[in-house]
Amino acid sequence: MAKKPTIKREVAVTFALESVGQIDFYATSDAVTEFEKFGAIDPSGRGLADHYTIRVDARYDFNEVLDYIKAYD
């Protein structure tokens, strides 16, 4: 019998587009709350479990937010 896969990271970025300030990512529910201060977060709407989109607040540097989310552990 094959070993059941397990999550290796709490967060994984799947898409980022600086021109519109959008970052799509998978995250655990507790990790998502850490990102709320950086912009508006919504479920991705693609029917994917634990997948979210954040529209980064223009007061923050987009790349700093992206790097923070990528490095989250």
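Couple of notes before you dig in:
- Footprinting exposure proxy for 19, 29 (fewest neighbouring C-beta atoms within 10 Å first): 19, 29
- Loop sites by DSSP among the trypsin sites (Lys or Arg not before Pro) of the chain, restricted to those with at most 16 other Cβ atoms within 10 angstrom, leave 10-45 as the longest stretch without any of them.
- Taken about its Cα centre, the chain carries a charge dipole of roughly 420 debye when the Cβ of each Lys and Arg holds +1 and the Cβ of each Asp and Glu holds -1.
- Taking 61, 30, 50 and counting other C-beta atoms within 10 Å, the order from fewest to most: 30, 61, 50
- Other residues within the sphere of radius under 12 Å centred on the Cβ of residue 64, judged by their own Cβ, net out at -2 (K and R +1, D and E -1).
- Listed values (1) 30, 26, 23; (2) 50, 24, 20; (3) 44, 21, 19, entry calculated as Cα extents along the principal axes in Å: (2)
Every read-out reported here was derived from the displayed coordinates using simple, explicitly stated rules and does not represent laboratory data. Fair warning: this is a prediction, and the values are worked out from it, not measured in the lab. Every residue, glycine among them, receives a Cβ derived from its backbone with ideal geometry; neighbour counts consider all protein chains shown.
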